[in-house]
Amino acid sequence: MELLLSMVSARRWKSEKCWVKTMSNTVRESALYLLTRVGEEGGFSHVLVNREIENGQFSSQDSGLLTELVYGTLQHRDLLDYWLEPFMKKQKKITPWVKWLLYMSVYQMEMLDRIPDHAVLNEAVSISKRKGHKGTASFTNAVLRSVQREGVRSADEIEDSAERLAVRTSHPHWLVNRWIDQYGYETTESMCMTNQLRMPESIRVQPLLLSRGEAVTELERDGFEVEESRFSSQGIILHEGNIIKHRLFREGLVTIQDQSSMLVAELMNPEPGQTVLDACAAPGGKTTHISEKMKNEGTVYAYDLHKKKAALIREKANILRLTNIHAENYDARKLQDKHENETFDHVLVDAPCSGFGVIRSKPDIKYSKKEEDIYRLREVQDHILDHVAPLLKENGLLVYSTCTVDRHENDEAVRDFLKRHPAFEMEDFVDRVPEDLQHRVITGIGLQIFPQDADSDGFFVTLLRKKSK
C-alpha cells in the first residue's frame, strides 16, 4: 500500500447509456455512478456526495463507505491509473464507467484492508454484468484477478522526483513543478501527501441561537466526537458523526464551514450597526458569519455573479434566521454602479480562484483546473479589487481572501494591488492569528495557510487598511 487514505459519499445506476436511480442500488453502484458523473461529466464531488447523503436511504455505515469509495478513488486516480496501466495495454478503448469501476475496485483491494479481495471482485463482476454484458464482466474479472495475482508496481520505479511525487499523490505534474518552484520540494511533498488524507468536517454555531458549549454538549451526548476550534469561538471540529442528519443542522443552529474560512470574519471583526460589502459571496458561509458577528444588526450587502448562487446566500441566511443580509446577483466588477464611493466600513473580496487549497475536500479540482486558469483568474481578481477599493470608507478594512495556495493569486496579487493603490497598507493582525500559525504571516502581505499546517483547507487572507487622507 503506497499511501494513506481519503474520504466522502454517493448513489444510483443502470442502462448502457444512462444511469437510473433505484432503491435497490448497492453502495458500490451508487459510488460508481457518482465517480462517473464527476470524472466524465465535470460534476462537483462535494455537491453530489452531500446531496446523496441528504436524500439517500443509506445507513450511517453505508454512508461512510460511500464517502470513502468516492473520495478515496478520486484522490488517488492517477496512482490507480499507473497501477492498472500494465494490465490494460491490450485493450484499445475502455468504456468510462468500466474504467472507474476498475479504479474503485483496485482502490479497495490495495488501500482498504478491511474489505476482502473476493468481495470486491464479486461485486465488480456483478455490476459489470448488470450494466454491461458478458464480455465486460469477463474483462473486469480478468484485470482484477491479474492485479490480485501479480500485485501492483511501485512508483519508486519513476526516476524523476517531481514526476514520482505527482504519480504517488495523484497531482498533475505541472502543478507539482509549480509548487516546487514556489515553495521547494519539502513543502510541496508535505502538501501533496496531506491532500490525500481525510479532513475532519467543521461546523460553525449560530451564536444568536445557542452557545458553542451547548452545541458540544448535545453532539457528544448523541455520540459525536468533537473538538473546539481554535480558529473561531464559534467553530467545532467533527472527528466522528454525520452532522447533515442531526437536529442542530436541520434546524439551522449550526452550518458547515471549514476552519480556515472562519478566519475571515474573525479577522475582520465587524461591529453591530456597520455596513459591510461581500463582493463575491456565494454560497454565503462568510456572509452569514459576518452577519452573526454583527449580531444581525446593520447591513451586509452580498453579491454573486449568478442568480442561482445569490439565491443560495438568501437561503442560507433564512436557515440561520439572519435578516440583515441583502443578497442579489451582480458583477463585482461593476458595483460602483450600485453603490457610492466610501459607503462601506468593511469590504470582503473572497475572490474567485483556482481552489488548490481545498483539494482535500474537493479532489476533482486538481484534475479539472489548468495552469492557464491561474492567470485568467488573476485578471478577474485584480479587476474586482480595483473596482471595490473606492467603495471603502477612510480607515475601513479591505479583506482579501482565497482558498488557494498559489503565490500568483495570493501574495503577488496583494503586492501588485498595493503598488497600484498607495492609499492602502496591510493591517498588522499577527496577534489575532492562532499562535502556531503566526509564522505563516508574510510581512506586509498576509497569512498563507497550507493544508498540512492545521488539518484544514489551504487558505490565504489579508487585511488592507485604507489610510485617512
Quiz item: Semi-axes of the range 241-356's equivalent ellipsoid from the Cα gyration tensor, sqrt of 5 times each eigenvalue, largest first, rounded to whole Å?
Solution: 23, 16, 14
Quiz item: Against the longest principal axis of the chain, how steep is helix 45-55, in degrees 0 to 90 to the nearest 10, with axes from Cα atoms?
Solution: 80
Exercise. Could you tell me which of rounded, prolate or oblate describes the range 113-257, using a ≥ b ≥ c as the square roots of the eigenvalues of the alpha-carbon gyration tensor, with rounded for a/c under 1.5 and, failing that, prolate when a/b is larger than b/c and oblate otherwise?
Key: oblate
Self-check item: Carbon + sulfur, % of accessible area of the range 208-361 - ligands and nucleic acids excluded, 1.4 Å
Solution: 44
Quiz item: Between Asn395 and Ser211, what length comes free when the chain is fully extended (0.36 nm per residue of separation minus the Cα-Cα distance, one decimal in nm)?
Solution: 63.0 nm
Quiz item: Convex hull over the Cα atoms of the range 374-469, averaged projected area in nm²?
Solution: 6.1
Quiz item: Using the Karplus equation 6.51 cos²θ - 1.76 cosθ + 1.60 (θ = phi - 60°), what ³J(HN,Hα) coupling, rounded to whole Hz, does each residue of the range 257-262 give in order, writing x for Gly and Pro?
Solution: 7, 5, 4, 4, 5, 5
Quiz item: When the convex hull of the Cα atoms of the range 144-220 is projected onto a plane and the area is averaged over all directions, what value comes out in nm²?
Solution: 10.0
Quiz prompt | Relative contact order (%) - the range 377-445, alpha-carbon pairs under 8 angstrom, separation at least six | solution = 29
Quiz item: Running Debye on the range 331-398 with equal point scatterers at the Cα sites and no solvent, what base-10 log of I(q)/I(0) appears at q = 0.11, 0.26, 0.29 Å⁻¹?
Solution: -0.36, -1.06, -1.21
Self-check item: Over 22 Å (Cα to Cα) - which of Lys309/Lys467; Lys295/Lys467; Lys307/Lys466; Lys309/Lys338 fall in this group
Solution: Lys309/Lys467; Lys295/Lys467; Lys307/Lys466
Self-check item: Computed over the range 62-193, the ratio Rg/Rh where both radii use C-alpha atoms and Rh is Kirkwood
Solution: 1.02
Exercise. Kindly express, to the nearest 10 degrees and within the range 0 to 90, the angle between helix 371-388's C-alpha long axis and the longest C-alpha principal axis of the chain.
Key: 20
Quiz item: Excluding same-chain residues fewer than 8 positions from Lys393, which aspartates and glutamates have a Cα within less than 12 Å of its Cα?
Solution: Glu340, Glu342, Asp345
Self-check item: Sequence ranges 395-408, 270-283, ranked by mean other-Cβ count within 10 angstrom, highest first
Solution: 395-408, 270-283
Quiz prompt | Surface share of carbon and sulfur [accessible, 1.4 angstrom probe, percent] for the range 41-165 | solution = 44
Quiz item: Counting only heavy atoms of protein chains, what accessible area per residue, in Å², does the chain have with a probe of 1.4 Å?
Solution: 43
Self-check item: Cα gyration tensor category, rounded, prolate or oblate, for the range 300-437 with a/c compared to 1.5
Solution: rounded
Self-check item: Note, ³J(HN,Hα) from phi for the range 135-143, Karplus 6.51, -1.76, 1.60, rounded to Hz, x at Gly and Pro
Solution: x, 4, 5, 5, 5, 4, 4, 5, 5
Practice problem: With a bin width of 10 angstrom, please list the P(r) values of the chain as percents of all Cα-Cα pairs, from the 0 bin to the one holding the largest distance. | Solution: 4, 19, 28, 25, 15, 7, 2, 0
Practice problem: Take each of the peptides 372-379, 297-304, 174-181, average the number of other beta-carbon atoms within 10 Å over its residues, and list them starting from the highest. | Solution: 297-304, 174-181, 372-379
Self-check item: Folded to 0 to 90 degrees: helix 117-131 orientation relative to the chain principal axis, Cα
Solution: 90
Practice problem: Using only the alpha carbons of the range 415-469, determine the length spanned along each of the three principal axes and report them from longest to shortest in whole angstroms. | Solution: 41, 21, 14
Practice problem: Quantify how much of the Cα-Cα distance distribution of the range 197-277 extends past 21 Å, in percent. | Solution: 27
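The values are calculated or read from the model by the stated rules, or taken from the named source; none is laboratory data. Values in this document were obtained by computation on a predicted structure and should not be read as measured data. When we count neighbours, we look across all protein chains shown, and the Cβ atoms used for this are built from the backbone with ideal geometry, even at glycine. Accessible surface is based on the protein model in full, side chains and every heavy atom, while ligands, DNA and RNA are left aside. Shrake-Rupley method; radii C 1.70, N 1.55, O 1.52, S 1.80 Å.
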